[in-house]
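Novice: Take a look at this one; I'll ask things after.
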Amino acid sequence: MEKPRAIFEQLADAVAGVLPTDDPSGDFRKNVQASLKSACERMNLVTREELEVQEAVLQRTREKVDQLEAQVAALEAQLLGDKPTS
C-alpha cells in the first residue's frame, strides 16, 4: 500500500505536469501539494488500514448483536411459554 504522502506527491506531480509554470524553484508544485493535502484532510479521508480495522470491529459488533437478539428471542419465548393462556 502506498503511503498517503507518496500519493499526494504523485497527484501534485500530475497536476504540475499538466499546467505550465515558469517557476523554476518548484513553489507551484509545493503549493499544489499543500492544497491537495489540505483538501483531503477536510474530506476526512482514512487509510485502507484504518477502514479495514473499523470493518473488523463492525463485523464483531454485528455478530454480538445477532447473538444477543437470538438470546432475547429465546428468553421471550421461554417467558411466553410459561404463562398460562386465558
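The values are calculated or read from the model by the stated rules, or taken from the named source; none is laboratory data. Since this is a predicted model, take the numbers as computed values, not measurements. Cβ: placed from backbone, ideal geometry, glycine included. Neighbour counts: every protein chain shown.
Novice: From the list 56, 34, 74, 70, which residue is at pLDDT 75 or above and surrounded by 11 or more Cβ atoms within 10 Å (Cβ to Cβ)?
Specialist: Checking each option against the conditions leaves just 34.
Novice: Is it fair to say residue 45 is under 22 Å from the mean Cα position of the chain (by Cα), in a loop (DSSP other than H, G, I, E, B) and either surrounded by 10 or more Cβ atoms within 10 Å (Cβ to Cβ) or modelled with pLDDT of 75 or more (or both)?
Specialist: Considered against the rule, which asks whether it is under 22 Å from the mean Cα position of the chain (by Cα), in a loop (DSSP other than H, G, I, E, B) and either surrounded by 10 or more Cβ atoms within 10 Å (Cβ to Cβ) or modelled with pLDDT of 75 or more (or both), residue 45 comes out as yes.
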